[in-house]
1. Per-residue counts of other Cβ atoms within 10 Å, averaged by peptide: what ranking do you get for 163-172, 410-419, 338-347, highest first?
2. In what sequence, highest mean first, do 61-73, 389-401 appear when ranked by Cβ atoms within 10 angstrom?
3. Students often forget the sequence filter, so: which lysines lie under 17 Å Cα-Cα from Lys233 once same-chain residues fewer than 8 apart are removed?
4. For the stretch 360-427, with every protein chain kept in place, what is the accessible area per residue (1.4 Å probe, Å²)?
5. Given N residues in the stretch 306-403, what is Rg(Cα) / (2.2 N^0.38 Å)?
6. Among the aspartates and glutamates, which fall within straight-line cross-link reach of Lys78, defined as a Cα-Cα distance under 14 Å, with same-chain neighbours fewer than 8 residues apart omitted?
7. With r as the distance between the Cβ atoms of Lys401 and Ser94 and R0 = 35 Å, compute the FRET efficiency 1/(1 + (r/R0)^6) and round to 0.05.
8. Counting alpha carbon pairs within less than 8 Å and at least 6 residues apart, what relative contact order, in whole percent, applies to the stretch 68-190?
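The values are calculated or read from the model by the stated rules, or taken from the named source; none is laboratory data. Just so you know, these numbers come straight off a predicted model, no measurement behind them. All Cβ positions, glycine included, derive from the backbone under ideal geometry; neighbour counts span all protein chains shown. Note: areas computed on protein heavy atoms with side chains; ligands, DNA, RNA excluded. Shrake-Rupley method; radii C 1.70, N 1.55, O 1.52, S 1.80 Å.
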Amino acid sequence: MSVRLSRRTMLRGLGCAMGLPLLEAMAPRHALSVEVTAPVRMAFVSFPNGAIMDAWRPVGDGSSFEFGPTMQPLTDLKSHLTVLTGLAQENGFSKGDGPGDHARSSASLLTGAHPVKTSGANIRVGQSVDQAAAERIGHLTKLPSLEIGLERGRDAGSCDSGYACAYSNSISWKDATTPMAKEIKPRLVFERLFGNSITTNGSSRRNRVRQSVLDLVSGQAADLKNSLGQADKQKIDQYFTSVREIEQRISRAGQQRKQEIPAPDFETPEDVPLDLQEHIRLMYDLMVLAFQTDATRVITFMSANEGSNRPYRAVGVNNGHHELSHHRLDPEKIEQLKKIDLFLVSEFARFLSKLKETPEQSGNLLDNSMIMYGSGLSDGNRHRHDDLPIILAGRGGGTIKSGRHVVIQDGAPLNNLFLSMLDRVGASVASLGDSTGRLKAIDA
């Protein structure tokens, strides 16, 4: 008979603590015939500068809708998605504060609050939904929350018409005055997931992390596998294969940077891949691992800072994203923006497919997650903060009626969705930002 394990069991090696996926051996002894209940996770993925809404919007509503051109990569995942049309973040509008819509867009996206216009230290907006969750359920996991992104951004000064850079660079706010710093290096995200609190000097720490975390826990892993049933052994093997593959990709990304950039007198920063697509994919794959091992149940991912002017050369877009977003109905610029929108949705679809392909006793990771994908701007050309492009992926542990296009009337606050999501992860609050009630339209 296989051993029984705690859900919080970890394999430990020198300087690392490796969580495990949900296993049959984690069922309580008195309920061996009862299925292990998976936790519900939440993540928020943002993209900047709005979208070309004519290509984004589905045709039809309810369960009979068809995806528009931008969402075509999500076709095979349709039954796991809820497309939400008509939600708004009214606090992204100026409300007398003049220009600065990009800063207000990201600052209000997960808070539903209006940021104080300042380029100094007196920043203020509101607590974000992810941090409301982390405050209430963060003690259940190794990391209360995980904040990641692809662009660092400036730490001080004004980044948008008199608004502090913190507003454009952050969607996660611990409280009204404290933005959560995001990590953009895959290696450091990996360390957060699998390292422990032992402190060493920088050099020895880096050398230890260059050794595979799987090698560090190999002895314990072998003993564990010998004590598990066949189904759990197979799940452990699949999990270890995923971890090893990500380690190798992080290592290759670091080598690529070292080969292509002459080494300065100081140590070259590691592991921000030169290839944008690989950077995005590594971050998404680390999100899968974080949820699979229950290292955290709350993640935010900024695919770019708000107002980002990054080009997307891999899909033939050589001009900056923000520059293009002010297209003034220029057909050529609109086509370039459609390429960016399609690229970002394609990478999101790949991430969702990985969640769907990761089994749990009660379905798969996607079934037991809620992933919001969206922007605080709809029309980037006119700086609109209503009728936002929002997708809710996953079924929230069976509590969300997915496979639908839900049209919300009267511009309900996006924060109403957040109240409903918080309920499902066990972090209920009476209100958040400008919320007016739960978004019952998603209920199963």
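1. Per-residue mean Cβ counts within 10 Å order the peptides as 163-172, 410-419, 338-347.
2. 389-401, 61-73
3. Filter leaves Lys225.
4. Values: 1730 Å² over 68 residues.
So the stretch 360-427 comes to 25 Å² accessible per residue, rounded to a whole number.
5. Rounded to two decimals, the normalised Rg is 1.31.
6. Candidates past the 8-residue exclusion: Asp61, Glu66, Asp367.
7. 0.45
8. 25 percent
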